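One structure is given below, encoded as structure tokens.
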Amino acid sequence: MEENKNEKTHYLYPSSDRYAVRSKLRQRTFANNPPPQNGDVTSGSIESEKTEADLYPLEVKNLDGFNLRFYNFDPAHLSWALNTLDAAEENGDNVNDAIYKRNRKIEDMYNCKITVDEVEDTASGFRTAVFSNDDLFDIAMIVDEKVASIYCEGLSSTWDILPYVDLDRSWWNKSASDTFSIKGNQYAAVGDYSLSMVTRNFVTLFNKSMIEDANLNDNLYDLVRDGKWTLDKLIEIEKQFSRDLNGDGVLDGNDQWAVSGAVKLYFGSLITGAGVKYISTDKDGNPYFAIPNNEFAIDVFQKVFNLHKGENIYYKMSSDVHAGTNESRDMFKNGQLAFQGTALKSIDQYRDANFDIGILPYPKYNEEQGNYYTLVSNGAVSVIPKTLPEDRAENVSIILEALARDSHYNLIPTYREVVLKTKYTRDDDSADMLDIIFQSSVFDLGLSVFPSETYYKYMECYLNMNDNFASLTATLESQVQNKIDGLLKAIEENVD
């Protein structure tokens, strides 16, 4: 669906088979693009057995020891995401070993080397290196919130210089590619070779024992699969869980609630899950503030507000939109919450829970909404430095594409299995939910670049339980547009 800021749209994320439910991630084949029209595919039966990588083969070349140089965070920083790009050896950890095997496989296949320089602050080091015109790395991993300032300063190259990288393929996140494409220029990308953004998908955990004891009329997993996991259904279920456990007549942190945690995570995921986008782009690739004059977006904000106000569903723990997750984690493990929102990376912190945990995507707005949408932000995306020599670009691109392809079929399924083993039974229910979550992640400049001007401002309404969404939008409109105008002007001044 082409977006136009002069048209009122409902679901502002593109509808695509890429985000449709698929039963098995390992067997996932492409659905977005028609197969190549050549003699390699001769019948429907043969075509159906081929993977996307088979249908779009990548050339294998002898690169004579070429060294692909990544610039990445060291393990002690950006700890809320999984950022590892290489491993020194196998150590029995499934993800570590998958990364090690992948890199050695690509090195052997292409006669190349893959090295990673790990630092505390990649954005700062990136600026220093490029300003000094130092050719120190080929691909840098930069936190999404810092990407815009880098390309506005003219420090990054656009991805069209990488001839082998095909951003239309499934091993590149299309929502990220669309989001970081401004006026037709691709400034950043998210490939399956990095788990950073994969682990920043926000999901809903639930206490299986509490759900079973409630004797609900609905199976939560079936609701998701049948497309009936909606805002109204979520609230209908959540209303059943608030309990005054100590009988003091006051519902507080000593009692049972449906859900708690950081406002930006829980309410933010509900808004994104309903299809609201804070900043979109028009047909010419110009970003614009997508909330003004968008009746649907305001209706979503209001509906989420109305569904929670006075219902004793959400327990507010903090006066900060960012805080509350650590405290709510303890409540969830203590059996005081039926649901708990978290990023995939943080699920390993629930290993010591004494009950089984289920996992769900956040709900849709209603059953008419075609896809689930999973909020993802605050992880690392890939950026090309302006200092990348022209004669290195071809080799960089073929190795990068090979890493993304291989990871799509090996690393991503391995990580999926690790998540399932954390506290879930390895059944089709859990696997199906993760498939949906992995394939429904969406990016938004309002989440990744301008959260302080858009996303967080709307979350403050829920924090303070003030339903002033329309007046807030009016207040923000000129401020956000000024930010966008500044971004476009800076890009124009720095584009070669």
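Expected output is a single nm value to one decimal: the length gained when fully extending between Asn254 and Lys183, i.e. 0.36 nm times separation in residues minus the C-alpha distance. What is it?
20.3 nm
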Between Asp356 and Asn133, how high is the FRET efficiency from 1/(1 + (r/R0)^6) when r is the Cβ-Cβ distance and R₀ = 60 Å? Nearest 0.05. 0.60
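Would you work out the relative contact order for the chain, in percent, from Cα pairs under 8 angstrom that are 6 or more residues apart?
Numbers: 902 pairs, mean separation 130.6, N = 496.
Reported relative contact order: 26 percent.
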Counting Lys and Arg as +1 and Asp and Glu as -1, each charge on the Cβ, what is the dipole of segment 47-117 about the Cα centre in debye, to the nearest 20? 180 debye
Output the relative contact order of segment 76-122, whole-number percent, from Cα pairs under 8 angstrom with separation of 6+ residues. 33 percent
With the contact rule set at Cα under 8 Å and sequence spacing of 6 or more, what percent relative contact order holds for segment 240-354? 36 percent
Kindly sort His77, His308 by accessible area of their heavy atoms, largest first, with the probe set to 1.4 Å. His77, His308
Please list log₁₀ I(q)/I(0) at q = 0.17, 0.30 Å⁻¹ for segment 326-386, using the Debye equation with identical point scatterers on the alpha-carbon positions. -0.76, -1.34
Taking chymotrypsin sites (Phe, Trp or Tyr not before Pro) as exposed when in a DSSP loop with at most 15 other Cβ atoms inside 10 Å, the chain has its longest clean stretch at 81-354
Taking only Cα atoms of segment 59-154, what ratio of Rg to Rh do you get with Rh as the Kirkwood inverse-distance radius? 1.01
Contour minus Cα-Cα span, Val119 to Ser478, at 0.36 nm per residue, comes to 125.5 nm
Of the accessible area of the chain, with the probe set at 1.4 angstrom, what percent is carbon plus sulfur? 42 percent
Extension reserve of the Asp391-Asp218 stretch, reckoned as 0.36 nm per residue once the Cα distance is removed: 56.4 nm
If you take the charge dipole of segment 75-224 about its Cα centre, with +1 on Lys and Arg Cβ and -1 on Asp and Glu Cβ, which of Val130, Thr204, Gly154 is farthest toward its positive end? Gly154
Might you work out the accessible area of Arg225 for me, using a 1.4 Å probe with all protein chains in place, and round it to the nearest 10 Å²? 80 Å²
So if I place +1 on the C-beta of Lys and Arg and -1 on the C-beta of Asp and Glu, and nothing else carries charge, what would the dipole magnitude of the chain be about its Cα centre? I want it in debye, nearest 20. 500 debye
Rotationally averaged projected area of the chain (alpha carbon convex hull; nm²): 24.0 nm²
Estimated 222 nm signal from helices in the chain, with DSSP H stretches of n ≥ 4 weighted -39500 (n - 2.57), rounded to 500: -11500 deg cm²/dmol
Looking only at lysines whose Cα falls under 30 Å of Lys309's and that sit 8 or more positions away or on another chain, we get Lys8, Lys208, Lys228, Lys233, Lys239, Lys264, Lys277, Lys333, Lys364, Lys457
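The values are calculated or read from the model by the stated rules, or taken from the named source; none is laboratory data. Note that the structure is predicted; figures quoted are calculated from it, not measured. Note that we place each Cβ from the backbone using ideal geometry, even for glycine, and neighbour counts take in every protein chain shown. Just so you know, the surface numbers come from the protein's heavy atoms only, side chains and all, with ligands and any DNA or RNA stripped out. Shrake-Rupley method; radii C 1.70, N 1.55, O 1.52, S 1.80 Å.
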